[in-house]
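Structure first, then comments.
The values are calculated or read from the model by the stated rules, or taken from the named source; none is laboratory data. Since we're looking at a predicted model, the values are computed, not measured. Virtual Cβ from ideal backbone geometry, glycine too; neighbours counted across all protein chains shown.
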Amino acid sequence: MDISQDTKNILGLQLPTDPRWVDLASISLEDILTDHAYCEQKAANTCISLITKYSDKDDLVNELSPIVTEEWGHFRLVLAELRKRNLQLGKQRKDEYVNKLLAFQKKGGNPEERFLDLLLTMALIEARSCERFKRLSEGLADEYMRNFYRKFMESEAGHYTLFITLAETYIAKERVRVRWKEWLAYEAGVIQNLEVRGDRVH
């Protein structure tokens with residue numbers, strides 16, 4: 001299946017990753033693994049933050065608790081891959097993609113709207129990560145690394161749907177769907193205007 005169509009049908013993303021990104025990532029393996037490790041670490045930390053902030057929401061707490069463990073396990077897997085290749089875990093870099101998403105979140109007013117945007121931000125990050133890992137699983141020359149990233153792709157797809165489901169657990173589905181469409185349109189603009197760099201997951 002054409003990856004651009006696959007991306008839209010399965011993940012809802014409006015714009016596929018520029019094909020040049022995989023080629024750039026393949027020659028910046030230390031950088032991409034470092035950035036990937038920090039992405040997994042930040043995902044675990046964000047889930048902990050959501051659990052702490054919304055501890056009264058039992059479904060959220062129950063569903064995100066194992067995700068914390070899974071994301072931290074992913075961090076350790078990526079770190080082990082770096083060590084195996086005698087590569088260094090570099091410094092955490094500014095994530096321009098995520099910062100642009102955070103700028104779109106509703107900051108004031110209705111607490112329910114802020115809660116929804118937090119969940120949809122996470123859903124979108126997981127969806128884009130899944131799409132990027134799919135690119136790597138299909139485009140890298142190294143068969144081992146293709147398989148390595150296929151496992152991450154499958155995991156991120158499950159996380160993406162979980163955050164959407166959690167949003168629909170607490171908020172009317174129609175409201176979730178309307179806002180999700182707004183997020184997808186905004187994210188497409190972000191992707192279109194970001195520099196194509198091989199040293200970043202996003």
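Please tell me if Glu156 is free of Cβ contacts under 8 Å to residues at least 40 places away in the same chain, surrounded by 16 or more Cβ atoms within 10 Å (Cβ to Cβ) and within 12 Å of the chain's Cα centre (by Cα). Here the answer is yes, as Glu156 does meet what is asked. Within the stretch 102-110, can one find any residue that is part of a helix (DSSP H, G or I) and more than 18 Å from Ile164 (Cα to Cα)? Yes, because at least one residue in the stretch 102-110 is part of a helix (DSSP H, G or I) and more than 18 Å from Ile164 (Cα to Cα).
Any chance you could count how many residues in the stretch 8-59 are in a helix (DSSP H, G or I) and either within 14 Å of the chain's Cα centre (by Cα) or modelled with pLDDT of 85 or more (or both)? It would help to see each step written out before you state the result.
First pass over the stretch 8-59, keeping only residues in a helix (DSSP H, G or I): 8-11, 20-26, 29-53, 58-59.
Keeping just the survivors that are either within 14 Å of the chain's Cα centre (by Cα) or modelled with pLDDT of 85 or more (or both) gives 11, 20-26, 29-53, 58-59.
Summing the residues that are in a helix (DSSP H, G or I) and either within 14 Å of the chain's Cα centre (by Cα) or modelled with pLDDT of 85 or more (or both) in the stretch 8-59 gives 35.
Would you mind finding the one in Leu124, Leu102, Leu87, Leu119 that is in contact (Cβ under 8 Å) with a residue 12 or more places away in the chain, surrounded by fewer than 18 Cβ atoms within 10 Å (Cβ to Cβ), closer than 22 Å to Gly189 by Cα and aliphatic (A, V, I, L, M)? Explain how you work it out, then say what you get.
Values: Leu124 fails: surrounded by fewer than 18 Cβ atoms within 10 Å (Cβ to Cβ); Leu87 fails: closer than 22 Å to Gly189 by Cα; Leu119 fails: surrounded by fewer than 18 Cβ atoms within 10 Å (Cβ to Cβ).
Being in contact (Cβ under 8 Å) with a residue 12 or more places away in the chain, surrounded by fewer than 18 Cβ atoms within 10 Å (Cβ to Cβ), closer than 22 Å to Gly189 by Cα and aliphatic (A, V, I, L, M) holds for just one of Leu124, Leu102, Leu87, Leu119, which is Leu102.
Among Thr69, Thr46, which is the only one that is closer than 30 Å to Ala172 by Cα, hydroxyl-bearing (Ser, Thr, Tyr) and surrounded by fewer than 18 Cβ atoms within 10 Å (Cβ to Cβ)? It would help to see each step written out before you state the result.
Details: Thr46 fails: surrounded by fewer than 18 Cβ atoms within 10 Å (Cβ to Cβ).
Exactly one residue qualifies, and that residue is Thr69.
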